[in-house]
Amino acid sequence: MRRQIGKGGDQLLPVFFSEQELQEFGQEMEEYRGDLFKRDYLSRVRGFPQTRELFERIKRDGYYIALASSAQGEEVKVYKKLARIEDLIDGETSAEDVEKSKPHPDIFAAALQKLGNPPVEAVLVVGDTPYDAEAAGKLNLRTIGVLCGGWAAEELRQAGCVAIYRDPADLLAHYDESLLAQETVTSTAGAAQ
């Protein structure tokens, strides 16, 4: 199960259940999973360290930030609050905005659209799973990986990450040497786990 984290339910459930099982009880199971997560686990979620400070730095440099999440819209609101970034976001997407979740590129295509479709060479994605990098790569977007999602650096590299940092605090500490400081970019990022 751990190896599937980062995918949306539409991509995760078919790994464990047959098409017949999903037709029979997939919708009910997805609703139960969502209710269970909100009831028993959402209160345990914490923002990554120094996410707000990283976003403030990105904004000071004149960049736009979009959140591209496969989570449900209500969960994204909670994550923004936990990370203290509600006022720093220029656009956001959630599961409700797309037909397929990561590793399909739909969520990033929707985020780009919300930002006015900037050229892909002007965009960097910050992600914490291989599925982020795979999805972004399908749109020719470069991804900076962060290890706080629980994946190994080599797994993120193999999925296409062009740089790896421990977490947002580490990216902020090395900001001046990062791709964020080296290029004019529009950032799309995840903010909480």
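Which longest run of the chain has no exposed loop site in it, a site being GluC sites (Glu not before Pro) in a DSSP loop with at most 15 other beta carbons within 10 Å, and the site itself not part of the run? List each step's numbers first, then the result.
Working: sites that count: 99, 183.
Answer from the scan: 1-98.
Using only the alpha-carbon atoms of the range 10-103 as identical scatterers, what base-10 log of I(q)/I(0) does the Debye formula give at q = 0.11, 0.16 Å⁻¹?
-0.42, -0.78
What is the P(r) of the chain, as percent of Cα-Cα pairs per 5 Å bin from 0?
Calculated P(r), rounded to whole percents: 1, 8, 16, 21, 22, 16, 8, 4, 2, 1, 0.
How large is ³J(HN,Hα), in whole Hz, for each residue of the range 57-70 in order, when computed from phi with the Karplus curve 6.51 cos²θ - 1.76 cosθ + 1.60 and θ = phi - 60°, using x for Gly and Pro?
Karplus-based 3J(HN,Hα) across the range 57-70 equals 5, 4, 5, 4, 7, x, 8, 9, 10, 10, 8, 10, 10, 8 Hz.
State the volume of the convex hull built on the alpha-carbon positions of the range 139-178, expressed per residue in Å³ and rounded to an integer.
70
Please find the FRET efficiency linking residue 60 to residue 166, where r is the Cβ-Cβ separation and R0 is fixed at 25 Å, and quote it to the nearest 0.05.
0.65
Taking K and R as +1 and D and E as -1, what net charge do the other residues with C-beta under 10 Å from the C-beta of residue 59 add up to?
Residues close to residue 59 contribute a combined charge of -2.
I'd like the per residue volume of the convex hull spanned by the Cα atoms of the range 92-171, given in cubic angstrom.
Per residue, the Cα convex hull of the range 92-171 comes to 88 Å³.
Mind listing the long-range amide H neighbours of residue 165? Cut-off is under 5 Å, sequence gap 5 or more, other chains count too, H placed in the peptide plane at 1.01 Å from N.
For residue 165, whose amide H was placed from the backbone, the distant partners under 5 Å are 145, 146, 147.
Assigning unit charges at the beta carbon (Lys, Arg +1; Asp, Glu -1) and nothing else, what dipole magnitude in debye, to the nearest 20, does the chain show about its Cα centre?
Roughly 520 debye for the chain.
The numbers here are math on the coordinates, done by the rules we state, and not lab data. This structure is a prediction, so every number in the text was calculated from the model and none was measured. Every residue, glycine as well, gets a Cβ built from its backbone with ideal geometry; the counts of neighbours run over all protein chains shown.
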